[in-house]
Each structure stands twice: as structure tokens, then as C-alpha cells.
Amino acid sequence: MREVFPRLRMSTTQPLDTVDAFRVERSDRGPDPTFKVFGVGAGEIQGARLTHVIADDVATFANSLTEASRKKIISWFQSAVLTRAAVEGLQVRVLANPHHQEALPEVFGTMPGWTLLRRGAEDGGRLLVPDLMSKTQLARKRAELGPFAPAMVDAQTPRTGASMFTDTGIERCLRAGDGLSLVASFPPGAAQVYSGVDIGGGVGRDRSAITTIAILADGARRILDIRSGDWSGTTLVAQMRAVYRAYGGVMGVESNAVQGLLADLAADVPTQKIVTDAHLKRFGMMAFAHEVESARWLLPSEGGEPEHAQVAELIAGMKGYSPSSHASDVLMSALIAREVAARAFDVLADYDGAADAEDAWLAEEYGILPDPAEQRFRRRGCVGWINIDVRGDC
């Protein structure tokens, strides 16, 4: 700084040095600090006069999840930031990862006077910052990030609908759940209640999650509760009992190998053991996505935004899911809850719709055309679960 700006000094005539602002020595007597930091959505920015703006992570994954949250950030940026120009030609730089085609950087990048620059970790196979991450480390990071790697590593904007859970379907479910919230308890007999338990790897590893839903009279799936944590086996069993006391119903428990022992430990809770095999993750998840597309799931929301952080986490799991990636803990618990409900309610089994949706998705994403024999198999009622009445046939 001294070499480039040898005369730069902190102001002595108008001293100002706080945690979020400071003033350098300058000729004008304006009240504004030379540099000031604002938080996203800050109201105090209204009185500022700006010549340069550097916005860092204004558009995040969390506030890019829904149409309402994206529009809210863009509206704030337009009304609170861009209107505060003290000079003609306010210089603005927005730094962000690409999270959605309609997020702030992408929207402004298409406007006159704005330029959208993308910088990934590599340029033509050459690492841009080799001292930070080697190619081996980068490959490991890609595997860890899964479906988020193109955005976070290569600065590629995710395509709308790249997941089998589409933005359109999720927005419909948010609108359908407007005004609803997660509830602490549910009246016995008001509706059929089902919970799904996804078991994590124990303390310090994958989290465990429990999602509870009620099947309403019209077949809609209302989410009553979502909880997750870095729980030990004892704590998880205690959470299962707490959920049963609050909501009742039947609880599906992931039962791959030794995980099935947890259902035995909670013998006082009505449980069904669910094996989360490749068949369930493929066909069950596709049927789940088809229901979301049809707005059959009521996602608790307020003004188009998730009403609770756990609901936002479920949406994030939907948006990031692909058959080649690891499903999030909350998404898997919701899938298991749906599976238990599906075994009790034949009306939930929209087999043809799920099969058609998967055929269209596989053809569009991977160019894979449906196999006629597999289509017949699925249309006999074997999407995501095996109906007891046709077990032998399947």
C-alpha cells in the first residue's frame, strides 16, 4: 500500500475508525467514510453515497433456492445499493458462485453495461491456482461436491431442471404450502402420519435425519416436522421416541445391514424396516420427484420462501440430487417416510406418472431411451416399492 499510495493516511481531521468503517485523509469534508462494510439487506445503506461497490457472496446458495428469495435479493440490490450512486458511472463488482440461472449475477450479467466473467479452477486443463490445490486434490473435491461441482469448481451456472426435482415443481409445492409451518405436535386421528428415519454414520460422520408427514384427505403430503443432527445411536432412539410421542403414526427406519438394530432398540415405537437399496433410490426417488412436480407435497413456506431452515435443507437436497450422487440425509428421510406411506396407501402409487417422468428425464439428460421390458415391469406396480399383492409377479 505504501509503495502504490505513498501519501495515503488515516484521517486526523475527521477521525473515524470502527469495526465496519474508516476514513482516510482527503480534501472534501463529506460525512461519508471512505470505506464501509454493509450486510446484505442492511437498511443503513440508504443514507450512503457510493462511488465504488464490491459485493461478495450477495447471491448465496441459500438465497438462490427459491424464486421469492432470488427476487428479494435482486430487489434489495437495485433499490438499496444501485440508487446510492454519488457519481456518474458507479463502479460495481459482484463476486459470487453461480447457483441459479435467475440469481443476481446471471440476471445483471445480461444487462447493458454489465460484463459477466467466469473463472473456474482450471483453464484449458491448466490449474489457475496450483499453489492452492493440485489436480489430485481438485479431483477429490469434485467427487465430494458431486452435483455442485460444476458451479463451485468450474463456475458453470446450473441448468434449470438438471435435477429430477425441478425448480418449477418445488415452487409449486412452496405455493401449495404457503402459510403452513412445522408443528410441535399433531392431533391423533386427524390424518395418517408417517415418519422416515435416515441413519447417519454416528457422531462426527453423516448426520441422521427424521422427516414426518401427514397424508391429508385429498392425498396431499403435509410436512409436519424435520429434524436432523450428529446423533449417537442412543440419541437417535430418543429422537424417534420423541417424534412418536408428538405425532404418532408409523416410522420407517433405514435397515441396511446392522442399521436395522436401531428399529429393534425402539421396540415401543411402531416401525417398519426399509432397505434403501438401488431400486428404492431410483424408482422411489423418481416417483417422489413426480409428486413434487404435481405439487402433491406441501412445503411450509411464507411468501414463497421456506418457513424453516430444515425445509430449505430438504429443498437443497432435492435440487442437488442426481442418481449418481449421494442423497442428502433429510431428502433420504423424506423418501423413507414416503415409502412407508406408499405401502399403506395405494392411492399414492402413481406408477405410470413416475415411469413416464423417468423416461423423459433419462432421455433428456443422458439420451437413454426406455427399455420396453422394463417399462412393462414398472407399470405392473413396482415403482419404488413392491406391492404385497403382486410380489410374486414382480
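The values are calculated or read from the model by the stated rules, or taken from the named source; none is laboratory data. Please read these numbers as outputs of a predicted model, since none were measured by experiment. FYI the Cβ positions are ideal-geometry reconstructions off the backbone, even for glycines, and counts take in every protein chain you see.
Tabulated values for the structure
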{"read-out": "Segment 72-115, residues that are under 23 Å from the mean Cα position of the chain (by Cα) and either more than 20 Å from PHE38 (Cβ to Cβ) or of a type in the set (S, T, N, Q) (or both)", "value": "SER75, ASN97, PRO98, HIS99, HIS100, GLN101, GLU102, GLU106, VAL107"}
{"read-out": "Condition check for ALA295: within 24 Å of SER69 (Cα to Cα), modelled with pLDDT of 65 or more and not in a helix (DSSP H, G or I)", "value": "yes"}
{"read-out": "Residues being out of contact with any Asp or Glu (no Cβ under 9 Å at 6 or more places or on another chain), outside any helix (DSSP H, G or I) and closer than 30 Å to ALA309 by Cα - total across segment 56-85", "value": "5"}
{"read-out": "Failed item in (1) part of a loop (DSSP other than H, G, I, E, B); (2) more than 14 Å from TYR321 (Cβ to Cβ); (3) at pLDDT 85 or above, with ALA155 passing the rest", "value": "(3)"}
{"read-out": "The listed residue being under 24 Å from GLU302 (Cβ atoms), among the charged types (D, E, K, R), touching a strand residue (DSSP E or B) at 6+ places or on another chain (Cβ under 7 Å) and modelled with pLDDT of 85 or more, out of ARG227, ARG172", "value": "ARG227"}
{"read-out": "Out of SER294, SER301, sole residue that is farther than 24 Å from GLY229 by Cα, touching a residue at least 12 places away in the same chain (Cβ under 8 Å) and of a type in the set (Ser, Thr, Tyr)", "value": "SER294"}
{"read-out": "Which numbered condition ARG221 misses (of (1) modelled with pLDDT under 90; (2) touching a Leu at 6+ places or on another chain (Cβ under 9 Å); (3) on the phi < 0 side of the Ramachandran plot)", "value": "(1)"}
{"read-out": "Any chance VAL19 is aliphatic (A, V, I, L, M) and either surrounded by 13 or more Cβ atoms within 10 Å (Cβ to Cβ) or at pLDDT 85 or above (or both)", "value": "no"}
{"read-out": "Count of segment 64-81 residues which are touching a residue at least 12 places away in the same chain (Cβ under 8 Å) and polar (S, T, N, Q)", "value": "3"}
{"read-out": "VAL53 vs. criteria β-branched (Val, Ile, Thr), surrounded by 11 or more Cβ atoms within 10 Å (Cβ to Cβ), modelled with pLDDT of 85 or more and assigned to a loop (DSSP other than H, G, I, E, B)", "value": "no"}
{"read-out": "Selection count, segment 315-340, where residues are part of a helix (DSSP H, G or I) and farther than 22 Å from THR271 by Cβ", "value": "6"}
{"read-out": "Residue in segment 306-316 that is touching a helix residue (DSSP H, G or I) at 6+ places or on another chain (Cβ under 6 Å) and modelled with pLDDT under 90 present", "value": "no"}
{"read-out": "Selection from segment 175-227 of residues that are touching a Pro at 6+ places or on another chain (Cβ under 7 Å) and either polar (S, T, N, Q) or surrounded by fewer than 22 Cβ atoms within 10 Å (Cβ to Cβ) (or both)", "value": "LEU180, SER181, LEU182"}
{"read-out": "Unique match (being modelled with pLDDT of 80 or more, in contact with a strand residue (DSSP E or B) (Cβ under 9 Å, 6 or more places away or on another chain) and either surrounded by 12 or more Cβ atoms within 10 Å (Cβ to Cβ) or farther than 30 Å from GLY320 by Cβ (or both)) among GLN101, GLN91, GLN78", "value": "GLN91"}
{"read-out": "Answer from PRO98, PRO105 - the residue that is touching a residue at least 40 places away in the same chain (Cβ under 8 Å) and assigned to a loop (DSSP other than H, G, I, E, B)", "value": "PRO98"}
{"read-out": "Yes/no for LEU65 being closer than 30 Å to MET152 by Cβ and modelled with pLDDT under 80", "value": "yes"}
